[in-house]
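Data block below; observations after.
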Amino acid sequence: MEQDIYLLLKRHYGYDTFRPLQEDIIRHAIGGKDALVLMPTGGGKSLCYQIPALAMKGTCIVVSPLISLMKDQVEALQSNGIEAEALNSNNDMTADTIIRRKCAAGILKLLYISPEKLLSEMDYLLKHIDISLFAIDEAHCISQWGHDFRPEYTQLGVLRERFPDVPIMALTATADKITRKDIVRQLNLEQRAGFQEFVSSFNRPNLSLSVKRGYKAKEKLSFILNFIKARPLEAGIIYCLSRKSTEKVAEDLRRLGIKALPYHAALSPQERNRTQEQFKNDQIQVVCATVAFGMGIDKSNVRWVIHYNLPKSIESFYQEIGRAGRDGAPADTVLFYSLADIVQLSEFAKQSGQQEVNMDKLRRMQEYAEASVCRRRILLNYFGEQTDHDCGNCDICQNPPQRFDGTQICQMALSAMRRTQEQIRISTTIEIVKGMMSPEVKRKGYNQLKTFGVGKGYSLTQWQDYLLQMLQMGLIEIAYDEGQRARVTPLGDDVLYGRRQVMLSVVDHTVKEQPRRQKPKLQLQIPSITIPGLPPTTGTEDPQLFEALRRLRMTCAEEEGFPPYIVFSDKVLHTLATIKPTTLEQFGFISGIGEHKKLKYGQRFVALIQRFV
């Protein structure tokens, strides 16, 4: 019989409410239906299959691409009092035997397994246990359109055939429309009645967004050093394009007194594992890494991410910055980029097997970096989510460029698109509004349109900027799988028909920003809550208590061999340092502290708080 999902949420995770869409997804899975779940990194994907696993009879099989990621997830579940294990090549024969027995006895609620191991166990272990649900994590790996394609994932389509009655949930943090279609097709998800796509908001308002253009290596290092000094003891990741860069940046930082190590695919597995474990356990502050690092880590207290170079796509960028602030507390992201990055990445794209697709993705990444409108709106629009207001937490919002009423300019371009039945690209749109007799315009007779030449008073560069801004604001989108045609969105319709005004930015390409010392970021604001026996909180944190709690967390983690963030997240510590519960009962009311952790750690943390109060 289904257990109450709110009871499970409170008992094991310490939360009273679900995030948007989580409850719908959980009930859908418990109802035995297939789903594709899109949620940003740190958006709460794992809960979507973990709660059904606890509520349903049998074992949930979680397909995961990396052993380190499985280890992280299993440790976190076990720390919450949940029976979970991982079956992988790191186990010895004894560990494997114990896990198999637990599965056969129905003790395990979640079993993590790699795609290769899953296929090899299809006729053995999996055939003889009661499976409640298949959860395929990092599902974009199945698609060649995805940013992290893995050939071993492509055979997972056999699950529907071999286990026709077991629901499948595919989960990913970043997948555009083409990748989503491919995931659904390859996993045969639409074969069963009730299949549904759940697309969560991709908005991570706790992440600040900032771009630094054209910095040289020395300027980058100076900026990064000031940035880290303003955030003592706060863990961060620096993503670099090359292995050589990771080693050079890490070496420079160590020379300047920062605990930093490199991480890339050419290091031995032992070196990579050692670096990852030291980072997870807060023994080093910074990892300088290629994209090989991060997918295998679930560290919730990464407080910042810096991209030393431009990433190859918005999907990669969004997944990588998503590794900061997974606990919901404020986190910072900075992107450096230069013309050299674009040249190098263009070369990589041309040498890849999917030149056209990868070049398109790179262009969108470049557009983000060169934007003069709210950066969060650009990211959200890329994932098909439009918003009509700026975020207030990116460099553009905080230092806005000069703006003017550009409604009429936008209407010219939108009208040109509509009058051609949205069959044209951005470049042809410009040719029409500027009145340029290009071969395409002549051949299609676009020079007969009412909008032909209406914008000839603006230069080619201006039109390119304006259309880029329109794309970034979500007034138009590009159908990459349909010849890159420009499409008008519902928000664009509002502008075209005079229901909404648009402010465009005056773009000055001559401005070059100089590095400057970072200000320390704001503390997490704890909302006012009522706990029996305590006055309502004022939202003021005691920084000395926070540091004492952090030290106690480290002691508990070292005793148990867990990373500190698995004991409690930074957000929980900030809340404790603000609300200051002095009894075990009050301690249990704190969001993020479940029954298991309350009984396990409560007395020690309450005793520490009592000494401060």
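The values are calculated or read from the model by the stated rules, or taken from the named source; none is laboratory data. All values derive from a computational prediction rather than experimental measurement. Every residue, glycine as well, gets a Cβ built from its backbone with ideal geometry; the counts of neighbours run over all protein chains shown. SASA here: full protein model, heavy atoms, side chains in, ligands and nucleic acids out. Shrake-Rupley method; radii C 1.70, N 1.55, O 1.52, S 1.80 Å.
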For segment 71-221, what log10 I(q)/I(0) values come out of the Debye formula at q = 0.14, 0.15, 0.20 1/Å, with one point per alpha carbon and no solvent? -0.83, -0.92, -1.35
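Under 4 °C and 1.567 mPa s, how fast does segment 356-504 diffuse according to Stokes-Einstein, given a Kirkwood radius computed over C-alpha pairs? Answer in µm²/s, whole number. All intermediate terms of the calculation are to be shown ahead of the outcome.
Details: Rh = 15.6 Å.
Value of D from the Cα-based Kirkwood radius: 83 µm²/s.
Taking a 1.4 Å probe, which of V506, V291, V62 shows the most accessible area, and what order do the others take after it?
Values: V506 70, V291 100, V62 0 Å².
So, going from the largest accessible area down, we get V291, V506, V62.
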Just the number, please: percent antiparallel of the DSSP beta bridges in the chain, rounded to the nearest 5. 10 percent
Which shape class applies to segment 154-312: rounded if a/c is under 1.5, otherwise prolate when a/b exceeds b/c and oblate if not, where a ≥ b ≥ c are the square roots of the Cα gyration tensor eigenvalues? prolate
Per residue, how much accessible area does segment 549-613 show when a 1.4 Å probe rolls over the protein heavy atoms, in square angstrom? 41 Å²
Taking R0 as 35 Å, what FRET efficiency do you get between K229 and Q344 from their Cβ-Cβ distance, rounded to the nearest 0.05? 0.70
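Roughly speaking, to the nearest percent, how much of the chain's 1.4 Å accessible area is carbon and sulfur?
Details: 13300 of 26320 Å².
Result for the chain: 51 percent of the exposed heavy-atom area is carbon or sulfur.
Taking only protein heavy atoms and a 1.4 Å probe, what accessible area per residue, in Å², does segment 24-115 have with all protein chains in place? Before the final figure, lay out each step's value.
Working: 2920 Å² over 92 residues.
Result: 32 Å² of accessible area for each residue.
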Please state the Cα pair-distance histogram of segment 357-443 with 5 angstrom bins from zero: what percent is in each bin? 3, 11, 15, 18, 21, 17, 9, 3, 1, 0
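When a/c is below 1.5 the answer is rounded, else prolate if a/b is larger than b/c, else oblate, so apply that to segment 239-336 with a ≥ b ≥ c taken from the square roots of the Cα gyration tensor eigenvalues. Mind showing how you got there, number by number?
Details: a/c = 1.36, a/b = 1.17, b/c = 1.16.
It is rounded, given that a/c, with a ≥ b ≥ c, falls under 1.5.
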Hey, can you rank 75-88, 594-607, 307-320, 398-411 by average C-beta count inside 10 Å, highest first? 307-320, 75-88, 594-607, 398-411
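Just the accessible area per residue of segment 329-476, please: how many Å² with a 1.4 Å probe? All intermediate terms of the calculation are to be shown ahead of the outcome.
On the way: 6470 Å² over 148 residues.
Value for segment 329-476: 44 Å² per residue.
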Using C-alpha positions alone, give me the convex hull volume of the chain per residue in cubic angstrom. 171 Å³
Quick one, can you get me the convex hull of the C-alpha atoms of segment 188-281 expressed as volume per residue in Å³? 211 Å³
Suppose R0 equals 25 Å; then what is the FRET efficiency for A104 and R192 from their Cβ-Cβ distance, rounded to the nearest 0.05? 0.40
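Take the Cα radius of gyration of segment 1-124 and divide it by 2.2 N^0.38 Å, with N its residue count; two decimals is plenty.
Expressed relative to 2.2 N^0.38 Å, the Cα Rg reads 1.06.
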Over the Cα atoms of segment 427-487, each weighted equally, I'd like the Debye log10 I(q)/I(0) at q = 0.12, 0.16, 0.23 Å⁻¹, rounded to two decimals. -0.30, -0.54, -1.02
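Using only C-alpha positions, report the orientation-averaged shadow area of the convex hull of segment 381-430, nm², one decimal.
Average projection, Cα convex hull of segment 381-430: 5.0 nm².
State the percent of C-alpha pairs, over all pairs in segment 291-429, separated by a distance greater than 20 angstrom. Mind dumping the intermediate values first?
On the way: 5681 of 9591 pairs.
Counting every Cα pair in segment 291-429, those more than 20 Å apart make up 59 percent.
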